[in-house]
1. Assuming R0 = 56 Å, what is the FRET efficiency of residue 203 and residue 565, from their Cβ-Cβ distance, to the nearest 0.05?
2. Using 7 Å Cα-to-Cβ label points, what is the residue 474/residue 172 separation (nm, one decimal)?
3. What nm value, rounded to one decimal, do you get for the distance between residue 95 and residue 434 when each label is placed 7 Å out toward the C-beta?
4. Express in nm, to one decimal, how much length is gained between residue 398 and residue 495 on full extension, taking 0.36 nm for each residue of separation and deducting their alpha carbon distance.
5. Please give the FRET efficiency for residue 181 paired with residue 247, using the beta carbon to beta carbon distance and R0 = 35 Å, rounded to the nearest 0.05.
6. Work out, step by step, the length gained on full extension between residue 630 and residue 653: first 0.36 nm times the residue separation, then minus their alpha carbon distance; give nm to one decimal.
7. Between residue 303 and residue 673, what is the label-to-label distance in nm when each label sits 7 Å out along the Cα-to-Cβ direction?
8. Assuming R0 = 56 Å, can you tell me the calculated FRET efficiency for the pair residue 517 and residue 418, based on Cβ-Cβ distance, to the nearest 0.05?
């Protein structure tokens, strides 16, 4: 009785007694088919990894597989054959079918694409670009995460040399690089490597006294100054500094005579005002104090609602800027050397220089042109110097020559000499732009061309021409509304900056709500008017823990405005990033202070100078400009300029906030993420910098 061939059946065994010759044959056949099965499995695995590999045959394929069958007959791949052959055929057919479907789909998509309208193509293109940008962003984040624990280590503490370190200011290095003619003292950030370490305070550092006590008394160990520098600080605007044990006192030496108050009163009278309290009535709100001493001129005027920004050169020791900021007063490093100041034209109501060390007659008067550029129409330039004393001319003909140059030069700038008393002289800039065209031909600097008169003078060389005369913001200070009304811009004023009244009103209301929420959320830890640390006595209002505030992406200055409207005794450095829309002219015209800055560079200030750093939308702004710098670079700089126990408030998208939250552990900050609204994609990241102390060696 014949048995069926059972072709293609593997692993089947016929049981029975004794040794059936069919058993040996089936065993051999089963072993062979098992080998073929293993080989088929290997090929299937390769097909998954390399799907196009099997479109052509391997040259080493066994003849029995595709040519001669095992029993000697030629095989036909289209015949019914064995079940395994039919399976292979089916798989091959499915592969070709899939390829055909993909080809037809791509062809149809291509013809559909070229048939749509131009506008539709534009929408599809932009949508594709957005997807592409999102993909690149996600891949970038994945790439950073995949680098592993080597990039997640906590940052180390910097060496003691970094206690008062300010990046980008290195005069000896700049001289070695060939900078001269004032460039060596200027700011140069391109040649320095970024330092990813945490700056520790000095060994005896103490938390500054709360405002307003801290305005007049600071801890001597918090700043870098020698006893000789304290004793030799006897200029008009420094007040008499007294070293009292561990403190430096800026209080007047006499209750009857106060040099700064008398000096301020003298300037007011020279302008024609009863006293310095009437500066606001003359249109003066913001003052740029060049070479400010230690900020006593601005400290006195602050009580009169005048805002004075101190600007001075970088100093390794006895820094005017460092001591002024330690007192809770506005200040930043900057110099009249070779570059324009980082302010737009027509920025300040008054410029003040009391023995500031600048030779205004040098460089053919180009420094006076920079004063004229940043001074508003109708604004005042106050200069106190031995050079301006008429009695000194009789003894020094060289000084008289230098004075004559300055007097004649500013006359050609259409400045009016208002008054001259002793060593102080006051000029008033013209309120009429037509004055320049009425000058005699060749009798002074020319008017800047439109290309040389810009609102974003970041790293721009000084210009030997008169700027700002074509600006839409040419409005005399006496025609502007007085402070505080000028902070609330009307429709006509907003039109100058291209801002709609509805947008401005919405921004204002949003910030009022936001600041109110900050108070409710963090009080009494940060914004309370009655803060208390363990062991401290209850301070009397209006003492504030927070005094110096830095807004890293100020927009319209709404955060600043809301803080003042809440009655908080703070001042805000409004920073406008150079990669964003430049609203700095608007901020300055509102009566606030601010500056242009690139956050991929170090901010021009000393370590430990701000109590609160705020940033809304900055991470989103920077993420749109990939490869400029990392978030870690920005956060390390924030840590450098933040005081111990200082606060950071960042508002941005949830994805960016979560990424930033991961970085805070590396900087050893205490941090938490807060949802703003249940249906909002934005989050709030609130951090506090701990007070780490360096061990005495």
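1. The computed FRET efficiency comes out at 0.85.
2. With each label point 7 Å from Cα toward Cβ, the separation is 4.9 nm.
3. 8.9 nm
4. Length gained between residue 398 and residue 495: 29.9 nm.
5. Computed FRET efficiency for residue 181 and residue 247 comes out at 0.30.
6. Extending this stretch completely gives an extra 6.6 nm.
7. 4.8 nm
8. With R0 = 56 Å, the Cβ-Cβ based efficiency is 0.75.
Laboratory data are not the source of any read-out in this text; all were calculated from the coordinates shown. No experiment lies behind these values; they were computed from the predicted model shown. Heads up, the Cβs are rebuilt from the backbone with ideal geometry, glycines too, and the neighbour counts pull from every protein chain shown.
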